[in-house]
1. Which cross-chain or sequence-distant (5 or more) residues have an amide H under 5 Å from the amide H of residue 119, H modelled 1.01 Å from N in plane?
2. What is the set of long-range amide H partners of residue 39 at a cut-off below 5 Å, with H atoms built 1.01 Å from backbone N?
3. Given R₀ = 30 Å, FRET efficiency for residue 98-residue 186 by Cβ-Cβ distance, to 0.05?
4. Under 5 Å between amide H atoms, partner at least 5 residues away or on a different chain: which partners does residue 113 have, H built in plane at 1.01 Å?
5. What ranking do 99-112, 192-205 get when scored by the average of other Cβ atoms within 10 Å per residue, highest first?
6. Just order 10-22, 177-189 by mean Cβ neighbour count inside 10 Å, highest at the front, would you?
7. Quote the FRET efficiency, to the nearest 0.05, computed for residue 108 versus residue 59 with a Förster distance R0 of 22 Å and r equal to the Cβ-Cβ distance.
8. What are the ³J(HN,Hα) couplings of region 128-136, residue after residue, when phi is run through the Karplus curve with 6.51, -1.76, 1.60 and θ = phi - 60°? Round to Hz, x for glycine and proline.
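What follows draws every value from the coordinates through simple rules; no lab data is involved. Computed from a prediction, not measured in an experiment: that's the story for all the values here. With ideal geometry, Cβ positions are generated from the backbone for all residues, glycine too; neighbour counts draw on all protein chains shown.
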Amino acid sequence: MNLPPTTSNLPPQLKVCGLTKPDQIQELIAMKTDFLGFIFYEKSPRYVLNHLSLEELSTIDHRGKVGVFVNEEADIIVKIVQHADLNFVQLHGDESNDFIAELRQKLNPKVGIIKVIRIGNIDADNKDKIAQTLSSNPQPVTYYLFDTDSKAFGGTGQQFEWNILNEFEISLPYFLSGGISEDNICDVKTLKQQPFALDINSKFETEPGSKNIDRIKKFKTQFQQNK
């Protein structure tokens, strides 16, 4: 499922992550949101299984359902993907290349893999780690996702230094995450390789797991017009 990096002048697609409420999910589907993110990390305040069952998730009619996992066992990921009828697996932890290869073999070939690269302080060591990750064989991975590093593994609403991405050759289309909002959306234009999709979460919430749908609608219109 590997795809070429994004070179199109089309606006990026949109992923809304940390969903927990059925009515909001249906509103996002109605407004043609491209990806719906469900967090399967028990320590997250947006842990979806505190709100929805795997069976309920399986009934959601959408082709971009993403399950977010953090250092989870491969067999458990596969089981959840099957029972919730997910389209993508997002690996947000410290999963190794060997683990990703193992998971790829166990998953249905139609299920894509999104590998998260968490970016913290921009020093020489971290730049080397990013470069090593991007230079490794991306064959089992469909997309990258760049997010701000944190002990909570995402959902902080904090932005990393996006311009660091201009220093690397990114071989796959990627999602941009980490504190994206109306205030910084114009900064995306400074990226030489444009993101395939924008991933929003905590900046568009009234509380963890509850989204401000009207604000998301306005944001989607804004970034589409700014492209």
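1. Residues meeting the criterion, in which the H sits 1.01 Å from N, are 147, 148, 149.
2. 18, 19, 48, 68
3. For R0 = 30 Å, the calculated efficiency reads 0.15.
4. 89, 142, 143
5. Working: 99-112: 15.4, 192-205: 21.5.
Top to bottom by mean Cβ count within 10 Å: 192-205, 99-112.
6. Descending mean neighbour count gives 10-22, 177-189.
7. Given R0 = 22 Å and the Cβ-Cβ separation, E is 0.75.
8. Once θ is set to phi - 60°, the couplings for region 128-136 become 5, 5, 4, 4, 5, 5, 6, 8, 6 Hz.
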